[in-house]
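The values are calculated or read from the model by the stated rules, or taken from the named source; none is laboratory data. Everything numeric here is computed off the predicted structure, so don't read it as measured data. Neighbour counts run over all protein chains shown; Cβ positions are idealised from the backbone, glycine included. Surface accessibility is based on the protein's heavy atoms, side chains included, excluding ligands, DNA and RNA. Shrake-Rupley method; radii C 1.70, N 1.55, O 1.52, S 1.80 Å.
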Amino acid sequence: MEKVRCLAGIFYGILAFVRIAPKLKIINLVNQYSFGMFLIHWLVQEYLVPYTAQIPSIVLQVLKLFLPNLVVCIFNIKNFVLAL
């Protein structure tokens, strides 16, 4: 019975987040540049991977690879692609 309550709590938490998520500014920002990020993120990651491989924690490696990749991709799309 305790597992059912825990799963129900997780389920309702996910439902609450799904209702809030479309209103977040970061979701709209990523959505605007998603196709461009899809096209160039591998190129950006080739340059960032050597710097993240030195970190011993996998979670920190992923975060250090994801966040700069997001920023660099949005910066490049905004300044170089949309300026054409």
Counting other Cβ atoms within 10 Å, which trypsin sites (Lys or Arg not before Pro) in segment 11-52 have at most 11 and lie in a DSSP loop? none
So how much slack lies between Tyr47 and Leu67, counting 0.36 nm per residue of separation and subtracting their Cα-Cα distance, in nm? 5.8 nm
At 1.4 Å probe size, with the rest of the protein present, what percent of the exposed accessible area of the chain is carbon and sulfur atoms? 74
Among (i) 16.5, 52; (ii) 17.6, 60; (iii) 13.1, 43, only one was calculated for this model; which label is it, if the read-out is Rg and Dmax of the Cα atoms in Å? (ii)
Select from the chain the helices, each a whole stretch of DSSP H, whose alpha-carbon atoms run 18 Å or more along the helix axis and whose Kyte-Doolittle mean is at least -0.5; answer none if there are none. 2-20, 34-52, 58-76
